[in-house]
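The values are calculated or read from the model by the stated rules, or taken from the named source; none is laboratory data. Please read all numbers here as calculations on a predicted model, not as lab measurements. Backbone-built Cβ (ideal geometry, glycine too); neighbour counts: all protein chains shown.
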Number of protein chains: 6
Amino acid sequence: MNSSLYECLFVSISLGSAVKMRSIFIGRFQPVHKGHIHTIKQILDKDEDLIIVIGSSQYSHTPDNPFTGGERVMFLRRALMDEGIPFDRVDVIPISDIHIHPLWVAHLKSFAPHFDKAYSHNPLVSRLLKDAGIVVDETNLLDRETYSAKHIRDLIRWNDSEWESLVPEGVAELIKKHDLDKRVQEVGETTTKR
Amino acid sequence: MNSSLYECLFVSISLGSAVKMRSIFIGRFQPVHKGHIHTIKQILDKDEDLIIVIGSSQYSHTPDNPFTGGERVMFLRRALMDEGIPFDRVDVIPISDIHIHPLWVAHLKSFAPHFDKAYSHNPLVSRLLKDAGIVVDETNLLDRETYSAKHIRDLIRWNDSEWESLVPEGVAELIKKHDLDKRVQEVGETTTKR
Amino acid sequence: MNSSLYECLFVSISLGSAVKMRSIFIGRFQPVHKGHIHTIKQILDKDEDLIIVIGSSQYSHTPDNPFTGGERVMFLRRALMDEGIPFDRVDVIPISDIHIHPLWVAHLKSFAPHFDKAYSHNPLVSRLLKDAGIVVDETNLLDRETYSAKHIRDLIRWNDSEWESLVPEGVAELIKKHDLDKRVQEVGETTTKR
Amino acid sequence: MNSSLYECLFVSISLGSAVKMRSIFIGRFQPVHKGHIHTIKQILDKDEDLIIVIGSSQYSHTPDNPFTGGERVMFLRRALMDEGIPFDRVDVIPISDIHIHPLWVAHLKSFAPHFDKAYSHNPLVSRLLKDAGIVVDETNLLDRETYSAKHIRDLIRWNDSEWESLVPEGVAELIKKHDLDKRVQEVGETTTKR
Amino acid sequence: MNSSLYECLFVSISLGSAVKMRSIFIGRFQPVHKGHIHTIKQILDKDEDLIIVIGSSQYSHTPDNPFTGGERVMFLRRALMDEGIPFDRVDVIPISDIHIHPLWVAHLKSFAPHFDKAYSHNPLVSRLLKDAGIVVDETNLLDRETYSAKHIRDLIRWNDSEWESLVPEGVAELIKKHDLDKRVQEVGETTTKR
Amino acid sequence: MNSSLYECLFVSISLGSAVKMRSIFIGRFQPVHKGHIHTIKQILDKDEDLIIVIGSSQYSHTPDNPFTGGERVMFLRRALMDEGIPFDRVDVIPISDIHIHPLWVAHLKSFAPHFDKAYSHNPLVSRLLKDAGIVVDETNLLDRETYSAKHIRDLIRWNDSEWESLVPEGVAELIKKHDLDKRVQEVGETTTKR
């Protein structure tokens, strides 16, 4: 894939950057897994520049959002670097969730650089984007049951090391180095501060 | 019913508007259904002017709150107009939910014109209003299982056209004209942006 | 004016309501004054239906926002009634201020029924609306120095009864009846709770 | 226990207050029960001064948070007074929940006087405190199944007077005197304002 | 004064606590000064128990609110202790400012135990309390120009040690011990994070 | 400078990335100017990787914050690209302002990847960071009166094209291409929506 990526890049430079599309891809990345990377590569292979938006970035230490926004930025950068993806084609933007759907697209547009197109496999996000007049595109998915952040958090909680094979190697390393797997286990059962 | 309504109106005009009571009726109206209209008519028939408050107005595109505050204002106006209810007797006020119960009555009072009495069939709302010293009155209900917004949203989700018979004709028309039934179906299963 | 209004109404009914435009007019109405009524009449005279949006509705008891959202709804209804403006052509919607400009138009659209056009004499509002692709129209202004809510609040504060001539008669009556002029005076000098 | 408490106090006064530790104990106290008092006594017996923090203080009238922050302050003061615990050793601080875990410890530190150590039996709170570099200590628990605020709220809801034996006598008295048991029953089944 | 205080206390105990009034006194205490103590003593001397509410408690590090809520709790406790005021007659409750005046009294009531009367020298607070039906009482003021928190912050900023004579001795000690005078100086000129 | 930068980079790669420091630099970048670039280059020249944090990112269309968070990300990326600064050494993170100073450092840490050191010329930010135990470093400043975002906004407002010489060429281009200079002029005088 990397070679085709570089070819694309080469072509786009020869043709001038004016014709480049910039797309946006939205996720919570709790944590980044190989399915995310698969999607990112497909978009870059289509010669579109990419803004990766990390949603619900203000949350951490909950069963569904164990990692902070900053940790998720770290995961993404590490995974992109390990894949040899050129950083000048990719922005990583953490944004807070505002919980008010009719404002969400305006919120997204205000935090992200201008974009031409969006990617999402989530029907609510697609609906909100389309209602706001934004073109929504799709990519192929790796096996969705397996490459699912929820499934990976469950595996970590159950102490099943299979999770390490589902995320990029560098991400697994970061999680273990910072004891974040322990955090996933500790916050797994309790969501209320008492 | 309309004739008794007009008689009431006539009487109240003859006696002078000074003796008129103004009541408040609170709902989420997701969507407006015939049970709501039944309640509204009963209150107006008692010769009370009415403030209809649309709660949780900031939300839309969720399974429980699919329609925006503005869409719900539109539903109510259309239904009132079709019923021939005079607009000079009815205010429609959308308010945001603030999620902090001890502040809720103060919030309600600050967004609504002065009122003398409130109507509610919900025990929590009644309790909050009574705790704040407000008189709470009741009306007869149409069959509550059937004329329930939750039930209507479910019917829309299941593609069962029975829902159209449970809401005022004009409301059904608006929902279909703006493809809002499709929105109900699309947001039915997903509540998290990813 | 009223007669031309009724003529317009007649025409629009004969032609069918499908061709009617619905416009939005945004203000804080602290308080409603004759300049506002002048604008409202011009818009209705153009045979456009109207949504009047009361901005910053959550605030009261401050020097710039002495009146609650609900009091301002009351002012507007009274003024419209006294002018004989038919309520089926006008919505009055109080909305909270959200203080985040890039989200403001989305917020407005979510609380108001669908509209085709907006009126504003404020350059920031015009800019925000135009940036969101909304057509912004204008009306003639009464003498802006005199018919200004800020000027009226100052007159009330200085105990100068000239203010009563600048607002619709019914509004002056409501303000005095509910001692709201005293509130304007009391909150005039202090903005911090201590 | 009280006698040992006074002995501790005596010693600490002789040695000077400079060597006194100040600990923090966090709960929601919905309502205060004998398990809480058991923990408070153990901490004071170790000759540590205590800040009792009432979490989620902005909430009331919900199934999980029926009592207001102020009512919970009242419960705690009454229970401490009945136990003869000297108020100059104990602060009671109600704080709002902010729902954003990575900010929670900073929020806690900003509302509470300086503290040296924290007590918690909740794994999430312990994790958040430890992640912020705060020492977390533990106390023995009374039978956790029985002395649980959730269990007590359920008993009140089911009209089972056994709940009165699980809370300090003065707290039971306050709850019944202010009809708060009725509120627990009324808000038990409904969490949405409609 | 202390002797009369103890006499009051004696009388109130003989008569039973049922007849005791509980009053509320609201301030920002940035910082606590001798004027505050003067007011607190007058209220206690009238044999009323007291809830001291620290407003705007979420703020610190600004020119007007340099000290955190927790630091202000510390100031008050130290000053009360040094004056020999019995803690079982006084609650100290920090509350956040909510910036929405029509909700403020409901917010106050929800965080504080039940109270019968309020004290304030601020016209806005008096107005809000009276509008909500609460009795507002007054006390004599020490020279208001001198015993003013704003004046004291200015003196600290100008490095004029006169400020130490305007606050209780223990409070001056705490401020200097924790270098809080330096913080007042550093945040004095800048209010925006850049 | 660029050549020394590359030498630094070379050395750091030979020594291994483990020894690399990561620093954080906080600004509002309204807009990015040559003073910012001067600071960024100094930090990178010290062989520290850099996280650039764009503060108050939720705001736009105000006199002090005319540009959206996303536009400022665009400015920074363009300026960094034009300077030949390698993107794998620099993160650009827009964060919302939370207006509560005691929580601000926790908020910053939660949105940014781990960092070792911070840069700031603002005394309040330095104080907040130091209070939270973070090392604060400094860089040399270009003439601060001239290379000031406030001064640049004023020049744009006054239609004085000198502003173009104070910002990187690519940034001036973007501002003019998207008519953002016109926005600065339009929002310059009005800050309230009416």
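Residues in segment A:87-99 that are more than 19 Å from A:V125 (Cα to Cα) and surrounded by fewer than 16 Cβ atoms within 10 Å (Cβ to Cβ): A:D88 only.
Residue-wise test of (1) free of Cβ contacts under 8 Å to residues at least 24 places away in the same chain; (2) under 24 Å from E:F67 (Cα atoms).
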| residue | (1), (2) |
| --- | --- |
| E:S96 | no, yes |
| E:A118 | no, no |
| E:R127 | yes, no |
| E:A132 | no, no |
| E:L142 | no, yes |
| E:A149 | no, yes |
| E:G170 | no, yes |
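Quick check on segment B:37-61: of everything there that is within 12 Å of the chain's Cα centre (by Cα) and either in contact (Cβ under 8 Å) with a residue 60 or more places away in the chain or in a loop (DSSP other than H, G, I, E, B) (or both), which residue is farthest from B:S120 (Cα to Cα)? Residue satisfying both the conditions and the ranking: B:S57.
Here E:R144, E:R183, E:R194 are screened, and the one residue that is more than 14 Å from chain B (Cβ to nearest Cβ), part of a helix (DSSP H, G or I), at negative phi and modelled with pLDDT under 95 is E:R183. Within segment A:17-36, the set of residues being basic (K, R) and farther than 24 Å from A:R127 by Cα comprises A:K20, A:K34. Checking every residue in segment B:62-73 against the condition of being free of Cβ contacts under 8 Å to residues at least 40 places away in the same chain, surrounded by 22 or more Cβ atoms within 10 Å (Cβ to Cβ) and more than 15 Å from the chain's Cα centre (by Cα) gives zero matches.
Name every residue in segment A:138-158 that is crowded, with 18+ Cβ neighbours inside 10 Å, among the charged types (D, E, K, R) and closer than 25 Å to A:K41 by Cα, in order of residue number. Selection gives A:R153 alone. The helices (runs of 4 or more DSSP H) found entirely in segment F:65-132 that carry 2 or more residues being at the interface with chain A (Cβ under 9 Å from one of its Cβ atoms) and either under 27 Å from F:V184 (Cα atoms) or acidic (D, E) (or both) are F:69-82. Scanning segment C:82-108 for residues that are of a type in the set (D, E, K, R) and closer than 30 Å to A:F111 by Cβ turns up just one, C:D97. If the condition is being farther than 17 Å from A:M81 by Cα and surrounded by 22 or more Cβ atoms within 10 Å (Cβ to Cβ), then segment A:29-52 contributes A:Q30, A:E48. Every residue in segment F:147-180 that is aliphatic (A, V, I, L, M) and more than 14 Å from chain C (Cβ to nearest Cβ), please. Hits for segment F:147-180 are F:A149, F:I152, F:L155, F:I156, F:L166, F:V167, F:V171, F:A172, F:L174, F:I175.
Could you tell me which of the residues F:V187, F:V136 is closer than 30 Å to C:A149 by Cβ and of a type in the set (A, V, I, L, M, F, W, C)?
Exactly one residue qualifies, and that residue is F:V187.
Here is the figure for segment B:130-183: residues that are of a type outside the set (A, V, I, L, M, F, W, C) and closer than 30 Å to B:M21 by Cβ total 13.
The residues on offer are E:D131, E:D82, E:D179, and the sole one that is surrounded by fewer than 18 Cβ atoms within 10 Å (Cβ to Cβ), among the acidic types (D, E) and within 23 Å of F:D131 (Cβ to Cβ) is E:D179. For E:E186, the requirement of being under 30 Å from F:P94 (Cβ atoms) and acidic (D, E) is met.
Condition test on B:G188, is it closer than 21 Å to B:L44 by Cβ and touching a residue at least 24 places away in the same chain (Cβ under 8 Å)?
Here the answer is no, as B:G188 does not meet what is asked.
Exactly one condition in (1) of a type in the set (G, A, S); (2) more than 14 Å from E:I24 (Cα to Cα); (3) surrounded by 15 or more Cβ atoms within 10 Å (Cβ to Cβ) is false for E:S161; which is it? That leaves (3) as the condition not met. Against the numbered list (1) in contact with a strand residue (DSSP E or B) (Cβ under 9 Å, 6 or more places away or on another chain); (2) surrounded by 22 or more Cβ atoms within 10 Å (Cβ to Cβ); (3) not basic (K, R), D:P102 comes up short only at (1).
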